[in-house]
Every structure is written in C-alpha cells, then in structure tokens.
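Okay, so here's the structure we're looking at.
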Amino acid sequence: MIRSKLAAETKDAMRSKEALRLSTLRLINAAIKDRDIAARSEDNSEGVSDSEILAILGKMVKQRQDSAKAYEEAGRIELAEQEMSEISVIQGFMPKQMTGDEVASAIDAVIAETGASSIRDMGAVMGALKEKYAGQMDFGKVGGVVKGRLG
C-alpha cells in the first residue's frame with residue numbers, strides 16, 4: 001500500500017517538476033530498496049512489509065530532525081529549512097501520530113494482552129507495540145512509560 005502511494009507521488013512530483021519533493025521521494029525509495037535487498041531470501045521475495053517501511057520512514061524523520069537542529073545551531077537556516085521540508089514530505093506517508101491518551105490506552109491494552117507483570121516483560125510489550133503501532137508513536141518516549149508501568 002505504501003509502495004503504490006510512493007510510486008504515484010513520485011510520478012506526480014516528476015510531472016509537476018517539484019525538485020525537492022522528488023529528491024526526497026527518491027531518498028525514501030532508495031532506503032526501502034536497500035532494506036529490501038538486505039531482507040531478500042528464498043522465503044521473502046516481496047521485500048519488506050509496510051510496518052518495516054514505517055520504521056524506515058520514522059528513522060528518516062529522526063535523522064532529519066537531528067540534522068535540522070545541528071544546522072540551526074550552526075546558523076545555517078536555509079539547510080535547516082530544507083531538512084524540515086523533507087520531514088513534511090516523509091511524514092505524508094506515515095499514519096497520524098497518536099495523542100498521549102491514545103498512547104497510554106494502547107500501552108495498557110498491550111500489557112493486558114501480553115500478561116506483562118514485571119520489567120522483565122518489557123521487551124515483549126515493546127515488541128507488540130512496535131508491531132501494532134509502527135510510525136504512530138515515539139518509541140523513545142514510550143519505553144519510559146512502559147518501564148514506569150511495569151517497574
């Protein structure tokens with residue numbers, strides 16, 4: 001699903017001659033293709049799944065946020081703005097981010113589903129959250145919340 005949307009958006013960007021958008025879409029395609037090649041095996045001929053693509057997109061957003069912050073600190077505002085523009089293109093392929101209340105209820109539901117009762121179960125809870133809610137929450141922040149609930 002994400003792949004077909006990405007292909008259509010790339011064609012549209014070519015037709016409308018949107019250089020920044022097109023270069024960002026090509027970067028996304030290249031990152032997905034790299035992961036496809038790494039994941040290729042006899043069992044997996046289709047490539048990575050949509051949830052893995054969302055993880056790639058999330059990583060790309062994080063990289064650009066870090067770069068934009070560094071550029072701003074160095075006084076390179078034009079480069080920071082370019083990074084922010086790329087972020088907005090990438091986020092167009094990601095699901096809507098969950099609110100704090102939605103994240104809390106998702107954590108509670110997964111803890112109940114997995115039967116987690118101690119900090120030793122944190123890996124199972126985080127794995128289930130990443131599988132169900134890839135790209136919808138910041139797992140860096142979620143880890144602390146899960147730890148607090150289980151600890």
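Can residue 65 be described as among the polar types (S, T, N, Q) and surrounded by fewer than 17 Cβ atoms within 10 Å (Cβ to Cβ)?
On the way: among the polar types (S, T, N, Q): yes; surrounded by fewer than 17 Cβ atoms within 10 Å (Cβ to Cβ): yes.
Spelling it out, residue 65 is indeed among the polar types (S, T, N, Q) and surrounded by fewer than 17 Cβ atoms within 10 Å (Cβ to Cβ).
I'd like the full set of residues that are open to solvent by less than 40 Å² (accessible area, probe 1.4 Å) and either of a type outside the set (Val, Ile, Thr) or outside any helix (DSSP H, G or I) (or both), limited to the range 53-62.
Result: 54, 57, 58, 60.
Scan 67, 105, 45 and give me the residue that is at pLDDT below 85 and either farther than 21 Å from residue 142 by Cβ or assigned to a helix (DSSP H, G or I) (or both). First the steps, then the outcome.
Values: 67 fails: at pLDDT below 85; 105 fails: at pLDDT below 85.
Checking each option against the conditions leaves just 45.
For the range 82-107, name all the residues that are touching a helix residue (DSSP H, G or I) at 6+ places or on another chain (Cβ under 8 Å) and not hydrophobic (A, V, I, L, M, F, W, C).
If we filter the range 82-107 for residues that are touching a helix residue (DSSP H, G or I) at 6+ places or on another chain (Cβ under 8 Å), which is where we start, we get 82-87, 89-95, 98, 103-104, 106-107.
Once the filter is applied, which keeps residues that are touching a helix residue (DSSP H, G or I) at 6+ places or on another chain (Cβ under 8 Å) and not hydrophobic (A, V, I, L, M, F, W, C), the range 82-107 yields 82, 83, 85, 86, 91, 92, 95.
Quick check on the range 70-84: of everything there that is of a type in the set (Gly, Ala, Ser) and either modelled with pLDDT under 90 or exposed (fewer than 14 other Cβ atoms within 10 Å of the Cβ) (or both), which residue is farthest from residue 127 (Cα to Cα)?
Within the range 70-84, the subset of a type in the set (Gly, Ala, Ser) is 70, 74-75, 80.
Keeping just the survivors that are either modelled with pLDDT under 90 or exposed (fewer than 14 other Cβ atoms within 10 Å of the Cβ) (or both) gives 70, 74-75.
Working: 70: 31, 74: 37, 75: 39 Å.
Once the filter is applied, the top-ranked residue is 75.
Could you list, in sequence order, the residues of the range 64-101 that are without any contact (Cβ under 8 Å) to a residue 24 or more places away in the chain and either closer than 22 Å to residue 129 by Cβ or among the aliphatic types (A, V, I, L, M) (or both)?
In the first step, residues of the range 64-101 are kept if they are without any contact (Cβ under 8 Å) to a residue 24 or more places away in the chain; the result is 65-81, 83-84, 88, 99-101.
Passing the criteria: 65, 68, 70, 74, 77, 79, 80, 84, 99, 100, 101.
The values are calculated or read from the model by the stated rules, or taken from the named source; none is laboratory data. Being a predicted model, the structure only gives us computed values, none of them experimental. Glycine also receives a Cβ, built like all others from the backbone with ideal geometry; neighbour counts cover every protein chain displayed. Surface areas here come from the heavy atoms of the whole protein model, side chains and all, with no ligands, DNA or RNA. Shrake-Rupley method; radii C 1.70, N 1.55, O 1.52, S 1.80 Å.
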